[in-house]
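The values are calculated or read from the model by the stated rules, or taken from the named source; none is laboratory data. Quick caveat, the model's predicted, so the values are computed rather than measured. We place every Cβ from the backbone using ideal geometry, glycine too, and count neighbours over all the protein chains shown. We work out accessible area using only protein heavy atoms, side chains counted, and drop any ligands, DNA or RNA first. Shrake-Rupley method; radii C 1.70, N 1.55, O 1.52, S 1.80 Å.
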Amino acid sequence: MKIAWCADVHIASHKRFGGPIESSINRRGRQALTTFRAAQQRAVKAGASAFVVLGDLFDTDRPVPQLLAEVRSDFATIGPKMKRVLLVGNHDQTSDAPGDHALGPLAGDNAIVVEKPTSFLLGVPGERETVLHLLPFRAAPARDWFADAVAERRNAAVELFSAGSLRASTNELLGFHLGIIDSKTPTFLRGAHDAIEVAEVQAALAEWEIDAAFCGNWHTHGVWNAIVAPIMQLGALCPTGFDNAGVDGYGTLAVYDTEARTTRKYRIPGPRFLVRFFDEIGAKRLVRLRR
């Protein structure tokens with residue numbers, strides 16, 4: 001089985017470089033939709049059985065109905081048998097109250113909306129199965145709840161098996177909507193409430209023998225190859241502004257192979273924010289303009 005992961009799509013009709021509007025969706029909104037379609041198409045081509053969005057599918061908790069309709073239509077037409085799993089992110093969410101977020105209209109036959117900590121099985125009973133432990137965004141500081149939430153999910157997972165315990169052949173994967181803090185994190189972000197220390201994630205994976213972890217929220221891409229299990233911060237599928245400048249680390253789709261227990265990354269084309277990008281011809285034109 002293969003499971004595709006992406007995060008922080010931020011579908012919206014953003015105003016900066018928005019371009020013309022058609023049917024209530026501007027150019028940047030359509031670019032985000034196109035990028036999300038391309039990610040799903042790549043997941044289908046890679047043979048993914050499930051496609052997980054680790055929060056912030058939308059940039060706002062009130063996307064216009066036209067955007068919701070486009071996404072829902074894509075779910076029905078692009079790999080309709082591929083299960084979509086959508087975590088509620090901080091941008092999708094109005095509050096922690098059940099249903100108080102933008103993703104409700106997308107729930108359907110092939111889409112699961114995760115608004116509270118959830119674990120469920122993927123796979124065919126009797127063959128190698130996969131348990132997804134999923135933690136959507138929570139407004140409380142992550143350090144106050146993350147470890148307990150992982151322990152609760154892992155303990156609850158045994159109820160998914162009639163034997164009462166997880167088999168050695170079962171894959172367990174963790175997905176959540178929190179940034180990862182490490183030694184390279186800027187000082188002003190070290191105490192962020194919506195992020196967790198990499199050491200705490202590594203400790204949870206080791207204690208509960210979880211095979212890999214994937215997360216969204218912070219827009220930079222990062223990989224931590226722990227001895228026990230790898231951790232991947234997907235980064236933004238669609239960067240949102242000049243605070244996400246550059247071409248590297250954006251547009252990542254990760255596909256995890258449960259048999260090989262390995263992850264392959266794909267770069268999905270989409271809009272990028274470039275502070276300065278001149279080829280030789282462009283530089284000469286700039287010199288002439290300054291004269």
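Within the stretch 71-92, how many residues are surrounded by 22 or more Cβ atoms within 10 Å (Cβ to Cβ) and not hydrophobic (A, V, I, L, M, F, W, C)?
Selection size over the stretch 71-92: 4.
I need the full set of residues from the stretch 37-57 which are out of contact with any helix residue (DSSP H, G or I) (no Cβ under 7 Å at 6 or more places or on another chain), open to solvent by less than 60 Å² (accessible area, probe 1.4 Å) and not aliphatic (A, V, I, L, M), in order please.
Going residue by residue through the stretch 37-57, those that are out of contact with any helix residue (DSSP H, G or I) (no Cβ under 7 Å at 6 or more places or on another chain) are 38-39, 41-50, 52-57.
Then keep just the ones that are open to solvent by less than 60 Å² (accessible area, probe 1.4 Å); that gives 38-39, 43, 46-50, 52-57.
The answer is Gly47, Ser49, Gly55, Asp56.
Can you tell me which residues in the stretch 173-204 are open to solvent by 10 Å² or more (accessible area, probe 1.4 Å) and assigned to a strand (DSSP E or B)?
Residue satisfying the conditions is Glu197 alone.
Please work out if Thr118 is hydroxyl-bearing (Ser, Thr, Tyr), under 20 Å from the mean Cα position of the chain (by Cα), closer than 28 Å to Val198 by Cβ and open to solvent by 20 Å² or more (accessible area, probe 1.4 Å). If you could, list the steps in order and put the result at the bottom.
Values: hydroxyl-bearing (Ser, Thr, Tyr): yes; under 20 Å from the mean Cα position of the chain (by Cα): yes; closer than 28 Å to Val198 by Cβ: yes; open to solvent by 20 Å² or more (accessible area, probe 1.4 Å): yes.
The answer is yes for Thr118.
Could you tell me whether Ala7 is open to solvent by less than 10 Å² (accessible area, probe 1.4 Å), small (Gly, Ala, Ser) and modelled with pLDDT of 95 or more?
yes
Counting residues that are farther than 20 Å from Leu178 by Cβ, which strands (runs of 3 or more DSSP E) fully inside the stretch 218-266 reach at least 1?
Numbers: elements: 222-225, 230-233, 252-257.
It comes to 252-257.
Select from the stretch 267-291 the residues that are part of a loop (DSSP other than H, G, I, E, B) and more than 20 Å from Phe242 (Cβ to Cβ) and write down the one among them that is modelled with the highest pLDDT. Step through it out loud before you land on a result.
Filtering the stretch 267-291 for residues part of a loop (DSSP other than H, G, I, E, B) gives 268-272, 274-279, 291.
Now restrict to residues that are more than 20 Å from Phe242 (Cβ to Cβ): 268, 279, 291.
Working: Ile268: 97, Asp279: 56, Arg291: 45.
Going through the qualifying residues, I end up with Ile268.
For Ser95, which of the numbered conditions (1) at pLDDT 95 or above; (2) surrounded by fewer than 20 Cβ atoms within 10 Å (Cβ to Cβ) fails to hold?
Only one criterion is unmet by Ser95, namely (1).
Filter the stretch 218-238 for residues that are farther than 17 Å from Ala4 by Cα and either basic (Lys, Arg) or surrounded by 23 or more Cβ atoms within 10 Å (Cβ to Cβ) (or both) and give the result. Steps first, please.
Let us first name the residues in the stretch 218-238 that are farther than 17 Å from Ala4 by Cα, namely 218-220, 224-229.
Scanning the stretch 218-238 gives Trp218, His219.
What's the total number of residues in the stretch 10-36 that are surrounded by fewer than 18 Cβ atoms within 10 Å (Cβ to Cβ), among the small types (Gly, Ala, Ser) and outside any loop (DSSP other than H, G, I, E, B)?
Selection size over the stretch 10-36: 0.
Asp248 is checked against (1) more than 21 Å from the chain's Cα centre (by Cα); (2) open to solvent by 20 Å² or more (accessible area, probe 1.4 Å) and fails just one. What number does that condition carry?
(1)
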